Structure formats: C-alpha cells, structure tokens
Amino acid sequence: MNSTGPILDNLAALTEPVRCRILLLLERHELTVGELCSVLQLPQSTVSRHLKTLGEAGWVVSRRDGTSRYYYLPEGGEGSASPQLWNIVRAEIGETPAAGQDSKRLESTLSARRAKSEAFFASAAGEWDRLRAELFGKDFYSHSLLALLDPGWVVGDLGCGTGQVSALVAPFVEQVVAVDASSEMLGAARSRLRKHKNVVIRKGVLEKLPIDDGSLDVAAFMLVLHHLPDPVAALSEARRVLRPGGKLLIVDMYAHEREEYKQQMGHVWLGFSEDKMSKHLATSGFEPGAFHSIAPEADAKGPALFTTVAYKGVRGSKRQPRSQKVAELAKETA
Ligand SMILES: C[S@@+](CC[C@H](N)C(=O)[O-])C[C@H]1O[C@@H](n2cnc3c(N)ncnc32)[C@H](O)[C@@H]1O
C-alpha cells in the first residue's frame, strides 16, 4: 500500500478493470481462486496477484475451509474500502459486456460446485444411513422433531417413572406436570429433572390425579396403562384434566403372550389390541385417533409397541390463552 491516504489507496486498487470484475463476483458469492480463474478465464497467478492488491486495500477478505480458501467482500464495505466509491464503480462496471459474461460463467461455476456435492451423494447413497448415524448418532432427528411441539403447551407426564418423557419434552413446552405413585420413581425423577425449572413433580395416583380440571393441553401415558387394573378410570381422569380439544398420547404394548411379565414387572394386561384400546378410549369419552406401530429398535427385546393420539372433543380446537393456572404452576416450580 502506498502513502497517498485511504481514498486514493481505495481508488488505486480499483484502477484495473479485472479487479472491479472480481469485486462484482465476490459481492454475489464467496469464491476460491480456482473458481475465480474459471469465471474470469485468467491464469491463477494473475488472479492471485489481483486478490493480493484488493486484500491489502481492504476490499476483500478470505477464510479457510478445509483445504480451500474462500474470498468474499467484508460486510458493509468495512475496512479501508469505501462503500460510496464501490457504489459508483459497480454501477459503471456492472453494465459492461465482460461483467455480463462473468455473471453467466459464475452460474456454471456454482452449478459445478453443486454437481460435486450431488456426485458425493450419488456415490454415498448406499452408505449414507451408516455415515449419518456415525456422524450424528441414531436419535438426533427424532429429538429434533420435538421442536414441532407448541411452546405454549402444559403437558402431563402421567405415570412419569424416572422422568424420561418429562426431561425430553420440558425444553420445548411451557410446563410439564409429572405424576407418579411411587416415591422411589419420583426420587429418581427429581434428580433427573432438577435442571428443568418448568417441571412440577407430584405424587399421586392416576385414578385420582392431583391436577385441576381442564389444565393440561396434552397428557401422556407412556408404558403405563398395562399396569392399571382399571385403565378406563385413569383415561377418564386424563380426560377431566385436559382442556377441551386437548390431546392424549398413549404408548403401550400390542397384545402379547409373555405371561411372565405379570410376575416379573407387575403387568396387569398383556398389552392391548387396537380394538380394545379404542373401546377403552370411547368409554372414557375420547375421540380415538389413528394407531401407529413403532418400528422396534434392532436390539429391543420387548413386545411391539403402538402409539395413538386421542382427543377430548373437537380435534385441533384452539388452546385457551395462557391461564392463571399456568402462572400458579410456574410459581410452584420457582
Ligand atoms: C413402566 S413405568 C413407565 C414410566 C415412564 N412413563 C416411562 O416411560 O419410562 C410405569 C410407571 O407407572 C407408575 N404407576 C403404576 N400404576 C400407577 C398408579 N395407579 N398411579 C400412579 N402411578 C402409577 C409406576 O410407579 C411407574 O413409575
């Protein structure tokens, strides 16, 4: 850089038309030296020399990404470059035939970049599932779907056990009310849920929930109903505590023949057929929804699971505005 002052340094860097064409391109897209060479149809040494001049005057900056270096314009014309000066030059140079040609070749260069990633996916198609799990794990995408939950919901985790459902859902909703009858389970739930300030934990039975009428948007019985001698009593209670239009999520086992579970784990019911569960839901006043079987994980040893969502009244009816009750629950957790 010479010592004639910033405006003249800026001007000096722009006296060469190729440098202005480079700026026009980089304004639209960050590019590597190789990509600039193919757009400008110039040898690498020439492009590198111009980039050096532009870099020294503050017109371009670069970043490294793996083995490539990308050049781009600094945000808002910061550095020693002058946005006003560039506006004048851009208006002139942008209209030239050379700039028009550059613009077309830029499209092909960017398409070539896309083709490179398409080629990767074409060759990796068979490998992609393994690679995806290797890079990001097996569960990240099902967890990411939790962001679809309504952030204003109050959710009841009924028969919460050690609080796995509550822990999963709490970051995405307004409040979780976790209920269980077992002090030991609740002890484990308390330690798991300590960091989730929007979870209220309550001891109580599912046949007489310690929750006010109409205060939940969603209630969940996850692996719970097969333990209850009277599932309809618990379903009716869930309906009482849901708001009109509220949803009930059930996850449980399809009917199976593992009698030993009664002794080993206190199961009362050997799963439920869809027909049986639909009848229970209808008797409790719910509108049953579709049943979905849950694809078993490869190393899972238990019976197949289903999930279903049932509705209290009209499907999709609007949630009430944030109620006084939620404010009280918030105080309870504070
Ligand atoms: C198999 S665990 C499932 C726990 C949890 N939902 C999960 O998915 O990990 C069943 C839970 O229901 C609770 N439970 C069973 N009968 C209950 C009842 N009548 N009232 C309240 N909780 C009950 C048990 O204490 C236990 O924590």
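So here's what we get for this one:
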quantity	calculated
Qualifying residue in the range 155-166 (condition: more than 10 Å from the ligand (Cβ to nearest atom), within 13 Å of residue 219 (Cβ to Cβ), touching a residue at least 24 places away in the same chain (Cβ under 8 Å) and buried (at least 23 other Cβ atoms within 10 Å of the Cβ))	yes
Sole exception among (1) in a helix (DSSP H, G or I); (2) open to solvent by 50 Å² or more (accessible area, probe 1.4 Å); (3) more than 16 Å from the ligand (Cβ to nearest atom); (4) free of Cβ contacts under 8 Å to residues at least 12 places away in the same chain for residue 142, by number	(3)
Residue count for the range 250-266, restricted to those that are of a type outside the set (A, V, I, L, M) and within 20 Å of residue 157 (Cβ to Cβ)	2
Test: residue in the range 122-130 that is within 16 Å of the ligand (Cβ to nearest atom) and surrounded by fewer than 18 Cβ atoms within 10 Å (Cβ to Cβ)	no
Index of the failed condition, residue 235 passing every other in (1) of a type outside the set (Asp, Glu); (2) open to solvent by 20 Å² or more (accessible area, probe 1.4 Å); (3) under 22 Å from residue 157 (Cβ atoms); (4) part of a helix (DSSP H, G or I)	(2)
Conditions (1) hydrophobic (A, V, I, L, M, F, W, C); (2) surrounded by 13 or more Cβ atoms within 10 Å (Cβ to Cβ); (3) within 29 Å of the chain's Cα centre (by Cα): number failed by residue 300	(2)
Pair list, Cβ under 8 Å, 6 or more apart: the range 107-123 residue closer than 18 Å to residue 29 by Cβ, other residue of a type in the set (A, V, I, L, M)	109/31; 109/39
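The values are calculated or read from the model by the stated rules, or taken from the named source; none is laboratory data. All values reported here derive from a predicted model rather than from experimental measurement. FYI the Cβ positions are ideal-geometry reconstructions off the backbone, even for glycines, and counts take in every protein chain you see. For accessibility, only protein heavy atoms count, side chains too; no ligands or nucleic acids. Shrake-Rupley method; radii C 1.70, N 1.55, O 1.52, S 1.80 Å.
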